[in-house]
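Here the structure is laid out as structure tokens; the discussion comes afterwards.
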Amino acid sequence: MIAAALLALRQAFSPPFRSILFKTVGLALVFLVLLGILLQTLAAKLIDFSNQNYDLAASVLSGLGIVVALFFLVPPVVSLVAGFFQDRIADLVESSHYPQDAPGRELPTGRSILLATRFALLVLAVNIGALLLLLVPGVNIIAWWLANGYLLGREYFEFAAMRFMTEDEARALRRSRRGMVFIAGLFVAAFMAIPVLNLATPLVASAFMIHIFKGMKRVA
């Protein structure tokens, strides 16, 4: 699994991936900036800045709150962005590392976007729950890591598997190897926790799970 992670990291920043990386980062940043503006607008409406004694303190606290909120919103944002690039990433990984294997098939565009949107909303709900645990020191980070490890592992592995089998078969395979998929998801969640680099999560996770899936099939 470590070898698969290193392969994914190496390829995610290689020349063929760079154009996808720039598009991914650019789109994710646009979404995050728009979300930041929305949160700032809501904070301005909800917080009374008319009292000058609390103006600076309220501004600082609201700003910090928005930064923390955006950190927890990175997973659903990059998960949504991933839906636009996953097949292209998988094609590059398969052609580079598994040219002797039959290539995977792309998901229909509508189905791909639907799955990405559904998953992003699920990740958003989980991360809102983790955000509410901020008052419990230490627990919030652990909860964020475990929850996202499970969700990211499930999503990206099933995507990789669905290029070669039906959704039901992909889901059954993931359940039969749930321990390995969960650990792989923890790798992805740990990468997502690294500021700036986490914007490349769709590339790294998609490539990583292709390697995990191919490894499983070879063992089987």
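The values are calculated or read from the model by the stated rules, or taken from the named source; none is laboratory data. Keep in mind it's a predicted model, so treat the numbers as computed, not measured. Using ideal geometry, Cβ is built from the backbone for each residue, glycine included, and neighbour counts are taken over all protein chains shown.
Quick rundown of the values:
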read-out	value
Filtered residues of the stretch 85-115 (kept if acidic (Asp, Glu) and either without any contact (Cβ under 8 Å) to a residue 24 or more places away in the chain or not in a helix (DSSP H, G or I) (or both))	ASP91, ASP101, GLU106
Residue within the stretch 97-116 that is over 24 Å from HIS211 (Cβ atoms), surrounded by 13 or more Cβ atoms within 10 Å (Cβ to Cβ), at pLDDT 75 or above and among the aliphatic types (A, V, I, L, M) present	yes
Any helices (runs of 4 or more DSSP H) falling wholly within the stretch 131-220 and containing at least 3 residues that are loosely packed, with under 15 Cβ neighbours inside 10 Å, of a type outside the set (Val, Ile, Thr) and free of Cβ contacts under 8 Å to residues at least 40 places away in the same chain	167-176
